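First the structure, in the form of structure tokens, and then the observations on it.
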Amino acid sequence: MNKKVRDHFFIVTGGPGMGKTAIIAALRDMGHITVPETGREIIRQQVAAGGQALPWANRQAFARLMFEQSLQDYLEQPATSRPVFFDRGIADTIGYLELCGLPVPEEMEHAATLYRFNPTVFLTPPWMAIYEHDKERKQSFEEAVQTYESMIKVYTRLGYRLVKLPEATVAERVAFILDKALSLLL
């Protein structure tokens, strides 16, 4: 198996409601290449179409759509040496399925092993002060913590180094990520 490693692809992951999307938006606003989270868009599309591939209706189908979009996002990024920041990665779908007690298809494990990001993954730890849920993010804080722990297990098992982001402003978190990411690319 020939792994495809893209050292300039950085993942920001963690539990829902812990600041990932705000960080990715700030990076995008600064002119960096970013890839948004797939889950929210899938939920919007499924709700609009009356579909059932939703975390509260059919988790396996929801996970399948997340996986397919995550893989497509990885494969379709243009050739660049600039850093690319992803709001979640391919392995997040595995963590989601494991958290739900659902089987993980072999092709997902294979893809997460084959299509590699930078070995350093940024984690947004549980932080009650910023947590909020909405019509698309229905998890409780406790479920968000369990998701965070699931991501730690999956990314550790896949051999990534995990770096927890500080409880700080979005700007400070972005500066932390940029400092670390750019030093890794030198």
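We did not get these values from a lab; they are worked out from the coordinates using the rules stated. In this text, all values refer to a predicted model and were calculated from it rather than measured experimentally. Because the Cβ atoms are built from the backbone with ideal geometry, glycine has one as well, and the counts that use them run over all protein chains shown.
Spatially, segment 32-78 and segment 94-118 are offset by 15 Å when compared through their Cα centroids. Database remark: amide H of Glu37 closer than 5 angstrom to the amide H of Asp87 (H placed geometrically; neighbours at sequence offset of 5 or more, or on other chains; Pro and chain starts carry no H). Give the shape of segment 58-186 as rounded, prolate or oblate, defined through the alpha-carbon gyration tensor: a ≥ b ≥ c are the square roots of its eigenvalues, a/c under 1.5 means rounded, and otherwise the shape is prolate if a/b is larger than b/c and oblate if not. Oblate, since a/c reaches 1.5 and b/c is not below a/b. Please report the relative contact order for the chain, taking Cα pairs under 8 Å with a sequence separation of at least 6, and give it as a percent rounded to a whole number. Worked out over the chain, it gives 36 percent.
Positive contributions from Lys and Arg (+1) and negative ones from Asp and Glu (-1), summed over other residues with Cβ under 15 Å from the Cβ of Gln72, come out at -4. Between Met128, Met151, Met66, the Gaussian network model of the chain with springs among Cα atoms under 10 angstrom shows the greatest mean-square fluctuation at Met128.
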